[in-house]
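The values are calculated or read from the model by the stated rules, or taken from the named source; none is laboratory data. Just so it is clear, the model here is predicted, and its values are computed rather than measured. Methodologically, a virtual Cβ is constructed for each residue, glycine included, from the backbone with ideal geometry; neighbour enumeration extends over all protein chains shown. Heavy atoms of the whole protein, side chains included, go into the accessibility calculation; ligands, DNA and RNA do not. Shrake-Rupley method; radii C 1.70, N 1.55, O 1.52, S 1.80 Å.
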Amino acid sequence: MIAPKLMHADEGQPPSLKSSRPQEPEENARNRAENQEEVIMKKTVFLGALTVAGLAAGASAAATLDDVKARGKLNCGVATGVPGFAAPDANGRWEGFDVSVCRAVAAAVLGDSDAVEFVPTTGKTRFTALSSGEIDMLARNTTWTLSRDVDLKFTFVGVNYYDGQGFMVPKDLGVSSAKELDGATVCIQTGTTTELNLAEFFRANNMSYEPVPIETQAEALQQYNAGACDVYTTDASGLAAARSTFEDPTSSVILPEIISKEPLGPLVRHGDNEWGDIVRWTLNALIAAEEFGITSTNIGELSAAAGDNPEVNRLLGTEGNLGEMLGLDAGWAKAAIMSGGNYGEVFEKNIGENTPIGLARGLNAQWRDGGLIYSPPFR
Amino acid sequence: MSDLHFVRSEMLPERAPPASTVGVVGWMSENLFNGIVNSTLTILSVAFIVWAVMGFLGWAISPTWAAANLRDCQEIVAGHEGACWGVIRDRWKQLLFGFYPQELYWRPILSFVLLFIALIPVLFAMISRRMNWFLLLAVLAIGALQVGGTLGVALAVVLAAGAAFVGFQMVTTNKADRAEQIAAGAKRLPNPLIFSVLYPFIAPWLLWGGSFWLPIVALLGFVLGWAAMRLTAGVIGTLGATILAFVVPVLWWLFAAAGFADVAHGILPMGIEAVESRLFGGMLLSLTIGVVAISISLPIGIVLALGRQSDLMIVKALCVGFIEFIRGVPLITLLFVASTLLNIFMPKGTNFDIILRVIIMATLFASAYMAEVIRGGLAALPRGQYEAADALGLDYWKAQRLIIMPQALKISIPGIVSTFIGLFKDTTLVSIIGLLDPLGLSNTIRAHTDWVGIYWELFAVIALMFFVFCFSMSRYSMYLERRLRTDHR
């Protein structure tokens, strides 16, 4: 049974597989196993493949921008469902924080934020989908790591959410810091990086814990609510989403300690830097828009004519030729921002404090407000 | 000694058995309360059943149908344990159809209804030809009406008229009269199996849409293969003709079909709106994969089973190799090959439909199991049956068709249906590779902020949907076994 591993950035990584290629050990192990079958399987499926390959247009992957424009649609890989980040509504329209990035890119490139094919990917299929060209970009809360960048040959174009592993405990426990958790029983999803982080954190603080290994988030929450474990640990955004589903969300507290770095961001394949630039600067445009106070409500006014702030003018295409440099129209950033608002608006609408997910900006505030969200200049 | 003795001169009238041995009371005292141990067990079991049912009903009967999100539900049930059925009201369409465009729902529904009409002549021998044609024409008329446009309405009128005519004929002549007419040589309607044969071409076209010429060119491939076999059989011998019958259609599909369809579509553009595979989901996806894999795996399984028993070394080696390889590999591995490895092998940008890939893998997987089930049936046949077929002078295929297979398949029915049911349930594995079957969708629905934290309601409904299909298959297999039973028990 497939169970939800809600919100966890690094699902699918076993804790301690020593491999010459340090990251993605599970994926590699599976690929090796499949490689042996592949020789035999290849023949069987080859004929079938040919039939359709003959019908399909064999396009080159070099110029993704041209492909996207020719197709008229952006193929964007998203999660099969992560609360607040990617989920379809009752009419099948995808919404969420990651989905907004896809929509912004589609708006910038094609001028239509609905010109997106959302391809649901699991933690296991996301990277092949991207490297095989099935999708043009991946926005599926994926942690930026060295090996994913270098070994799997992907370009992380930025960070749209700084996440980290946290702890949730029942209020009755009377604990206010993770340092007081010595001897606690901890519900932990097996085979994830959270398991490793947990072990490292407790060792570093010279504490002991008793793990309650569980397979899925559903199971974890049940165990936690039944009191089978004192602590539940996963990514902080996941904890918040989980807590929001409790009948009495105030009965649990999320401890202030964040014990790992999980910078989540959109990524593209190596080999097409122009396309990578477009996605990178679309994300930066959303971030810069918040910094300069450009919102979906005042953007019409601001972009009508060149204003006082030259950087806003350059961003909105009323001055300079930034769009042309990217191979897009002058109104690319305007379209991207109008698709769902600036970074702050997207955050508030999907995962902000007024939503059931209820995440505070925290690290994801603008750099001026003490956060890490920062866009290079539009010059 | 006296002469006194008693001889009953008449039979006593029959009397009703004592009240304690008949009816409900009698049955209970005999089966449930005959002894202390059984009585105790009965009471304990009843208590358990009542407890379980009450617990379930207490949860399931919950006035949350109208709830718009989980918070609403929690307010309505206010602290008690209660199901949140609002999620089903909100998402039942998605659970059934995935993201299939709502205005086109009639297409999957039509193909689903047509599936049964196509299956009736194959599976049941219970309704008359005229009944079958009447149903078909009526359903098609409704379908044509949905297409809309002048052409669609005109077609609907013609079909409805046909249905009315057949229906009129059907009600005006009774069964016995009709039997006499047929015996007297009256013209009958064509065999409805014709539609069953065409259905595999119609259904994908309805589901995926696109040009009307696509199913035509696909069908043409088979026609060409058949023609090649008939025309060349006299010239190059049976073996050569058989090989040609396979090669010609494949060449046609590979090289000529797409071009031909384009040209034909250019001359006479006819078609319905295309729907991408990505939009398939929910029960629609499970049924599509399940039905296609089930219907194709049976013939492939028969061929493999025969191949495995063949005296031809290469054929046998190929069949054994295929069966053992596929059975030695978990289905999930094959699905991963379909979803990830194929992507890497094929040229970038190639769009090889993911559902098609999954269907191929599921079919191959089921075929291998099917082959072994049928081989069991073949092995159970007494040697005499084979020898009798030989003695009658039948060639290999005739012997298989007329004598061996009918018996072997009859023996294998429970195994075959088990494989079908297993395969249908295995379709839920596709959620691992990111396809949104009902189980995958339950995760996706739960990811919407309205419904984060909903588990059992979705699982209960999905279980119910699968149960309906699997249970019907199982009952059908029992019906078939009874109907085909020829021994005297």
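Computed over protein heavy atoms with a 1.4 Å probe, the carbon and sulfur contribution to the accessible area of chain B reaches 71%.
Remark: mean inter-chain Cβ contacts per residue of A:123-136 equal 5, using a 10 Å Cβ-Cβ cutoff to other protein chain atoms. The listed peptides A:150-162, B:457-469, ordered by packing as a protection proxy, come out as A:150-162, B:457-469 (highest mean of other Cβ atoms within 10 Å first).
For a 26 Å ceiling on Cα separation, which of these pairs sit above it: B:Lys93/B:Lys425; A:Lys124/B:Lys316; B:Lys316/B:Lys410; A:Lys171/A:Lys349? Listed pairs above 26 Å: A:Lys124/B:Lys316; A:Lys171/A:Lys349. Legend: residues in region B:232-254 shielded by at least 20 square angstrom of accessible surface upon adding the remaining protein chains to the isolated chain (1.4 Å probe, heavy atoms) are B:Trp253, B:Leu254.
Annotation for region B:153-223 versus region B:445-487: alpha-carbon center distance of 31 Å. Accessible surface area normalised per residue over the protein assembly as shown is 49 Å², counting heavy atoms of protein chains with a 1.4 Å rolling probe.
The share of alpha-carbon pairs in the protein assembly as shown lying farther apart than 55 Å comes to 24%.
For the protein assembly as shown, the share of DSSP beta bridges that are antiparallel, to the nearest 5, is 55%. Show which aspartates and glutamates lie in cross-link reach of B:Lys187 when reach means a straight Cα distance below 14 angstrom and same-chain residues fewer than eight apart are skipped. Within the straight-line limit of under 14 Å, B:Lys187 reaches these aspartates and glutamates: B:Asp177. Counting only protein heavy atoms and using a 1.4 Å probe, the accessible area of B:His80 comes to about 130 Å². Within chain B, B:Cys319, B:Cys470 have no other Cys Cβ under 4.7 Å of their Cβ and so lack a disulfide-compatible partner by this rule. Spatial offset of region B:84-141 relative to region A:295-348 amounts to 49 Å, using the alpha carbon center of each. Of all DSSP-defined beta bridges confined to region A:169-254, some 20% are antiparallel rather than parallel. Descending by average beta-carbon neighbour count within 10 Å, the peptides B:439-452, A:299-312 line up as B:439-452, A:299-312, the highest first. Think of the protein assembly as shown as a dipole: +1 on every Lys or Arg Cβ, -1 on every Asp or Glu Cβ, centred on the Cα centre; then among B:Leu342, A:Ile259, B:Val291, B:Val291 lies furthest on the positive end. Oblate is the label for region A:179-223. Its Cα gyration tensor axes, ordered a ≥ b ≥ c, give a/c of at least 1.5 and b/c at or above a/b. Only protein heavy atoms count here; under a 1.4 Å probe, B:Ile296 has an accessible surface of about 70 Å². Overall shape: oblate for region B:105-197, with the ratio a/c of the largest to smallest alpha carbon gyration tensor axis at 1.5 or above and b/c at least equal to a/b. The sum of -39500 (n - 2.57) across all DSSP H runs of n ≥ 4, divided by the residue count of chain B, sets its helix-only mean residue ellipticity at 222 nm to -23500 deg cm²/dmol. Against the criterion of solvent-accessible heavy-atom surface with a 1.4 angstrom probe, B:Arg375, B:Arg483, A:Arg203, B:Arg130 sort, most first, into A:Arg203, B:Arg483, B:Arg375, B:Arg130.
Loop-resident chymotrypsin sites (Phe, Trp or Tyr not before Pro) (DSSP state other than H, G, I, E or B) in region B:16-107 with no more than 16 further Cβ atoms inside 10 Å of their Cβ: B:Phe33, B:Trp65, B:Tyr105. What separates the Cα centres of region A:159-185 and region B:309-323 is a distance of 61 Å.
Sorting the segments B:387-395, A:218-226, A:246-254 by their mean number of nearby beta carbons within 10 angstrom, highest to lowest, gives A:218-226, A:246-254, B:387-395.
Other protein chain C-beta atoms within 10 Å of residue C-beta, averaged over A:90-103: 2.
On association of chains B and A, roughly 5000 Å² of accessible area becomes buried (total for both chains; probe 1.4 Å).
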